[in-house]
Amino acid sequence: MTRPLPPLNALRAFEAAARHLSFTKAAEELNVTPGAVSHQVKALEEILNVPLFHRLTRSLRLTVAGQAALPTLIQGFDKLSQGVEQMRAHCESGVLTISVSPSFGAMWLMPRLERFRSLHPDIEIRIDGTDRLVDLTRDSADVAIRFGPGGYSGVRVDHLLTPVNTPVCSPALLEGENPLREPDDLRHHTLLHIDWSDAETSWRMWLLAAGLHDIEPTRGPHFNLENMAVQAARDGQGVALVADVLVADDIAAGRLVHPFDPGISTPFNFRYYLLSTKDGAEQPKIAAFRNWVLAEARTAGPGDKS
């Protein structure tokens, strides 16, 4: 039969005093008086019927029994602290705050998010639609999805998606007076531009890749958000040059089409990344979202039937 443990406060007082070899320093750590620490240690020695310290004039020295017990007690209290933090992270805040750019959130994440909610109904979701820089250790966001060149420091970085730029339009533009059937037909249609920070993804670069040098690459309206340009394309207002991963659902549903061979494309230098704190794996809500979104990204792609 297992004998009952001594009081936790007494064990904690001994462990702190043994690490510091000082009742005074242990008292500062535990926010009590040195006399309280000494009393707890004395009570523990009486319960165990074994001395744990040699009390010298100006110092403490562990007995053989104290030396033997200290490493295990240190590990035990460390494990207790970890367990408490895990309970606190899971119980005090069941809300998972996801920082994500408005367009990626609306076009890729939101159509899939119900699957995460059905798997984890105990986790409440808060979406922070923004492209601004976030500090995951200080801001309210638990995770962030960002489009960029990588090289993020101080956080855990997981590659999410590698997009490719491709033209898309409404099926209506495949018919009519000037049907879109080959790249040269773009001269008769409006170009819809997204103001990327990466110049390699512009219509100018795409037209060069297609061997077209006499079509003005800057004509047509410009948008600072992908979802606005894509909505204009759905409405038949022109042809948008957009990341394939963002319009995979529209292509699958027939709301948008590739007017010609999507093999003519320009790759992004930037990619989508999932950012989380380095200890995020220890928080169940963050670990659950990370595992889910990475699995979703592995199955995503052009023609994704989500």
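The values are calculated or read from the model by the stated rules, or taken from the named source; none is laboratory data. This structure is a prediction, so every number in the text was calculated from the model and none was measured. Because the Cβ atoms are built from the backbone with ideal geometry, glycine has one as well, and the counts that use them run over all protein chains shown.
Kindly evaluate R138 against the criterion of being under 15 Å from the mean Cα position of the chain (by Cα) and loosely packed, with under 12 Cβ neighbours inside 10 Å.
In short, yes.
Report, ordered by the first and then the second residue, all pairs with beta carbons closer than 7 Å, sequence separation of six or more or different chains, a first member in the range 170-189 that is under 18 Å from A240 (Cβ atoms), and a second member that is assigned to a helix (DSSP H, G or I) and aliphatic (A, V, I, L, M).
S170/A233; L180/L173; L180/L174; H189/L173
What are the pairs, 6+ residues apart or on separate chains, where a residue within the range 222-236 that is β-branched (V, I, T) and buried (at least 17 other Cβ atoms within 10 Å of the Cβ) has its Cβ under 9 Å from a residue that is part of a helix (DSSP H, G or I) and at pLDDT below 95?
V230/S103; V230/M107; V230/L246; V230/V247; V230/D250
Could you check S118 against (1) hydroxyl-bearing (S, T, Y); (2) assigned to a helix (DSSP H, G or I); (3) surrounded by 13 or more Cβ atoms within 10 Å (Cβ to Cβ) and say which number it fails?
(3) is the only condition that S118 fails.
More than 19 Å from L241 (Cα to Cα), assigned to a loop (DSSP other than H, G, I, E, B) and touching a residue at least 24 places away in the same chain (Cβ under 8 Å): is that true of D135 in this structure?
no
Table: residues versus (1) surrounded by 12 or more Cβ atoms within 10 Å (Cβ to Cβ); (2) at positive phi; (3) in contact with a Leu (Cβ under 7 Å, 6 or more places away or on another chain); (4) at pLDDT below 90.
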| site | (1), (2), (3), (4) |
| --- | --- |
| F14 | yes, no, yes, no |
| R19 | yes, no, no, no |
| T33 | yes, no, no, no |
| A36 | yes, no, no, no |
| L60 | yes, no, yes, no |
| S93 | yes, no, no, yes |
| P111 | yes, no, no, no |
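Run T97 past the list (1) part of a helix (DSSP H, G or I); (2) modelled with pLDDT under 95 and report the number of the one that doesn't hold.
(1)
Return the pairs, sorted by first residue and then second, in which the second residue is outside any strand (DSSP E or B) and modelled with pLDDT of 60 or more, the first residue lies in the range 85-110 and is within 20 Å of A243 (Cα to Cα) and charged (D, E, K, R), the beta carbons are less than 6 Å apart, and the residues are 6+ apart or on different chains.
none
Going by the structure shown, is A36 free of Cβ contacts under 8 Å to residues at least 24 places away in the same chain and either farther than 23 Å from S81 by Cβ or polar (S, T, N, Q) (or both)?
no
Do you know which residues across the range 97-109 are out of contact with any strand residue (DSSP E or B) (no Cβ under 7 Å at 6 or more places or on another chain) and within 15 Å of L294 (Cα to Cα)?
Correct list: W108 only.
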